[in-house]
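Some notes on the structure that comes next.
Taken together, the values in this text are just the output of simple stated rules run on the coordinates, not laboratory data. Here the structure is a predicted model, which means the values were calculated and not measured. Cβ sites come from the backbone with ideal geometry, for glycine too, and all protein chains shown count toward neighbours.
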Amino acid sequence: MAAPSAVMSMSRLIKPFWGGRLGNTAKVFGASSAGHREKSTHKPPPAKYGGRHTVTLIPGDGIGPELLNHVREVFRFSCVPVDFEVVHVNSALETEEDINNAITAIRRNGVALKGNIETIHTMPPSVKSRNNLLRTSLDLFANVMHCQSLPGVQTRHKNIDIMIIRENTEGEYSSLEHESVSGVVESLKIITRNNSLRIADYAFRLARETGRSRVTAVHKANIMKLGDGLFLQCCREVASGYPDITFDSMIVDNTTMQLVSKPEQFDVMVMPNLYGNVVSNVCAGLVGGPGLVPGANYGTDYAVFETATRNTGKSIANKNVANPTAMLLASCMMLDHLQLNGYASLIRNAVLTTMNETRLHTADIGGQGTTSDVVQSVMRVIQSGGQLTTEL
Amino acid sequence: MSSNVWRSMLSPVIRAVKRSSSSFSRGIQTVTLIPGDGIGPEISCAVMKIFEAAKAPIAWEERNVTAIKGPGGKWMIPPDAKESMDRNKIGLKGPLKTPIAAGHPSMNLLLRKTFDLYANVRPCVSIEGYKTPYTDVNLVTIRENTEGEYSGIEHVIVDGVVQSIKLITEDASRRIAEYAFEYARNNQRNSVTAVHKANIMRMSDGLFLRKCREVAENFKDIKFTEMYLDTVCLNMVQDPTQFDVLVMPNLYGDILSDLCAGLIGGLGVTPSGNIGANGVAIFESVHGTAPDIAGLDMANPTALLLSAVMMLRHMGLHAHGQKIQTACFDTIRDKKVLTKDLGGNSKCSEFTAEICRRVQDLE
C-alpha cells in the first residue's frame, strides 16, 4: 500500500526536527496517530475548496463551546487549512430538526469535531440522546480511545498503554424500550453477528497496523449467554484469521478489578457498547482524568472526533478552568484523518510539551493554570518552533 | 489434608460450641452455616474458632446446599437447608462450586430465587496493612439483585441477531431504594448516590431513578445525589473518597462492586451480604472455591470473617463485630502472621490463632 509509506516518510521528516527538543513526547503520540488514519480503505474527503478542508463543528453544551473556540484559535494561529462549518444543536428542543441538520452537514463534509450534547432526562423518553442519534445515523460503528500514561501527569498507576475499541451503535444503546405492563419496563439489548464481526475485524486490523500483540475481548457471556456469547464467538472467529495476534477474553467485572490493580497487562481491548462505556471511563480515570484523553468515532464513510469520555462539564462551563488537552488532541486526530499530518504533529507536540515539560496543568490534574494559560502556552510553543507555513 | 477431613473436623467444633453455650440458651442466636466447597470448610472452621474466642452468642447450624430435583422437575435446594434458613433467618455461606453442564443453574442463583435475596451489599473499606494504590476507601455498594440485565431473558430473533431483555420494575426499584436509605440511616452514612444511565436508557433507568427520588423524600436526613455510571467509574478511580453509599440496578452493581473490591485489594478481602424478603439475610464470601489450595491450610479466611462481622452488625451485636474486626485488621497491619495471598507465608490455622489471641486480648 502506498499510503502507509507516505505516512512513515512524513514522520521521519518531522521527527529529527522535533525530536531533539521534545525527547519522549514525539514517541508518545507519533506512532498511534499513523495507525488511526490508515485503519481501513477509507479515504478522507478531498480538500475541494482551494485546498482547504471543511469540517463540521458542533459546539454542544457545557465546556464544549469554549474548548472548541480554543481549537479554532489554535488552528487559526497555526494556519491550518481547515474551515469550520458550525452547526448548533439545542438540547432543550424536542424536535429532531437540529440534530438532523448536523447529520446532513456531516454527511456533506465527511468529518466532524464535536462537544457533548446534553441529554436532559426529565424530557419524555421519546426524546432520544442526540449524541446517540448522531452515532447511529452515521453508522459510526467504532469508538477508538487510546489511553497512555503521560510523563507529566501524576497518577497512581504507571506504564499504561491501552487501546480501547468499543462497538458504538448497538448493544444496550439501542434505545428500544417499552412499558408492557404499568410499572414494568423492558429495555432491549441487541447484539448482531454483522456488527460484532465488523468491530472485531476493526480491532484486529488496528492492532496489526499499530504493531500491537494482544487483543482482549471484554464480555459477560456467563450471564448473557446468547447475546455476549454471540459477540465472543464472533471475536474468536476473527481472531483465527490473525494468528500473529494473541486473543483472550475476560469477564467485565474481573476486567475492572484488574484495571485498578494491574492495568499494565492490557494491550488492545474490544467490547460491546455498555462495557465500553465503563472500561473507557475507568481507563481515562487511570491516566489522569477526562481532560486528557481524545476519542474518535469511525464509520465506513464518516468520522467524528470528540473527547473520549464525552463529558458535558456543566459545572465548570465558562469558568476558564476546563482542560483543553483532550479537545486539542482530538482535533489533532482529526487532522491526521484529513492527512494533514504536519499540522497534526505540530499541534500535538506543542500540547504535549505544555503538559509534560512546562507542567502547566489545569485544576483537574492538580495544577492551578487556566484554560487560556494552557492555550497560550501551546501557541507559544508552536510559534517558537518557527514553522508556521506550508514548509512542512 | 483433604477437604473431607476438614468437613469432619467441623462437627466436633460445632458440638463444642453448642456445649459451651448451652448454659445460657437465652440470647444465643442460631445461624445457618453453609461451609461450601473447596476452601469453604476450612475458612468456615476458622470463623467459628474466632467467634468462639470472641464469645459471640452465636450457635451454628451446618447445612449443605446441593441442587436436587423437587416435585414437578424444578431444581431446588435441599428442604432441610431451606427450613433451617427460614427458621434462623440469618445465614453465613462459603464459596460454592459453579457447576458446568450439570443441567441445573448455579447454586447462588437458586439461593437467590428461593429466598428472594433482592439486595447485595458490599462495604468496601481500605484495609490498613494491605497496601493498594488506593487508601481511605470507605464506601458501600448496594446492588439490586433480582432483575435488571440479569433476568436471563434472551431470544434469537433471526439468525445472527440476539436480543437480551433488561427488566426494571417499580416494585423492585422501590424496594432496593428503601433498603439503601435504611442502611444509610442505620449505619450512620451521610449520603446515597443513585447510579444510572438514564440519558441512554430513558425509560428503564428513568423508572429506577424516579423511585429512588420518591424514596429519598422520606429520608430527608440523608443526602441524595444521582450520577451517571460513566462519571462514577471515572471519579471512582481518581478519588474514591467522594463516594458513600451507592445504589444501582443489577449490571452496574455487578461491575461497580467488583471495581470497588479491586480498589481495596480484591475478592479475597471483601465481605458481602445478601438481604432477602421476610427478614432473611445471607452473608457470604464472594471469592471462588480455590480448589488448588483446598485442604492445604493455606486459605485466607478474611473475606468470610469480614462477612461474618457484617452479619453480627446486622444482628445488632456491634460490640462483638467491632472486636473481631479490630483483631483481624490489627493482625493484617502487623504483617507478622499473614497468609500467602496477603504477602506472608503463614498457614490459615496460624493466622486464625493469631486473630483469636488478639480477640481474647481485647476482652
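Below are the figures for this structure:
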quantity: Exposure proxy order (Cβ contacts within 10 Å, fewest to most) of A:MET257, B:MET203; calculated: B:MET203, A:MET257
quantity: Violating pairs (Cα-Cα greater than 22 angstrom) within the set A:LYS220/A:LYS262; B:LYS82/B:LYS113; B:LYS223/B:LYS323; calculated: B:LYS223/B:LYS323
quantity: Cys residues of chain A counted as unpaired, since no other Cys beta-carbon is under 4.7 Å; calculated: A:CYS79, A:CYS234, A:CYS235, A:CYS332
quantity: Translational D in µm²/s for the stretch B:59-174 (Stokes-Einstein at 20 °C, 1.002 mPa s, Kirkwood Rh from C-alpha pairs); calculated: 121 µm²/s
quantity: Distance from the stretch A:235-259 to the stretch A:286-320 (C-alpha centre basis), Å; calculated: 26 Å
quantity: Distance from the stretch B:43-112 to the stretch A:143-175 (C-alpha centre basis), Å; calculated: 41 Å
quantity: Whole-Hz couplings from phi, Karplus 6.51/-1.76/1.60, listed for the stretch B:135-144; x for Gly and Pro; calculated: 10, 6, 7, 8, 9, 10, 9, 10, 10, 5
quantity: Least to most buried among A:SER196, A:SER249 (fewest other Cβ within 10 Å first); calculated: A:SER249, A:SER196
quantity: Of all DSSP beta bridges in chain B, antiparallel share, percent nearest 5; calculated: 50 percent
quantity: Packing-based exposure ordering (other Cβ within 10 Å, fewest first) of A:VAL351, B:VAL161; calculated: B:VAL161, A:VAL351
quantity: Kirkwood hydrodynamic radius over Cα pairs of the stretch B:265-363, then Stokes diffusion coefficient at 4 °C and 1.567 mPa s, in µm²/s; calculated: 92 µm²/s
quantity: Rounded Å value of the spacing that divides the Cα centres of the stretch B:134-206 and the stretch B:251-280; calculated: 13 Å
quantity: Karplus 3J(HN,Hα) series, Hz, for the stretch B:86-93 with 6.51 cos²θ - 1.76 cosθ + 1.60 (x for Gly, Pro); calculated: 4, 6, 7, 6, 10, x, 10, 10
quantity: Projected label distance in nm at A:ARG76 and A:GLN154, using a 7 Å step from Cα toward the beta-carbon; calculated: 3.7 nm
quantity: Distant-in-sequence amide H partners of A:ILE245 (H built 1.01 Å from N, under 5 Å); calculated: none
quantity: Cysteines having no other Cys beta carbon under 4.7 Å from their own, within chain B; calculated: B:CYS45, B:CYS212, B:CYS233, B:CYS328, B:CYS348, B:CYS356
quantity: Fraction of beta bridges assigned by DSSP in chain A that are antiparallel (%, nearest 5); calculated: 45 percent
quantity: Considering only the protein assembly as shown, percent of DSSP beta bridges that pair antiparallel, nearest 5; calculated: 50 percent
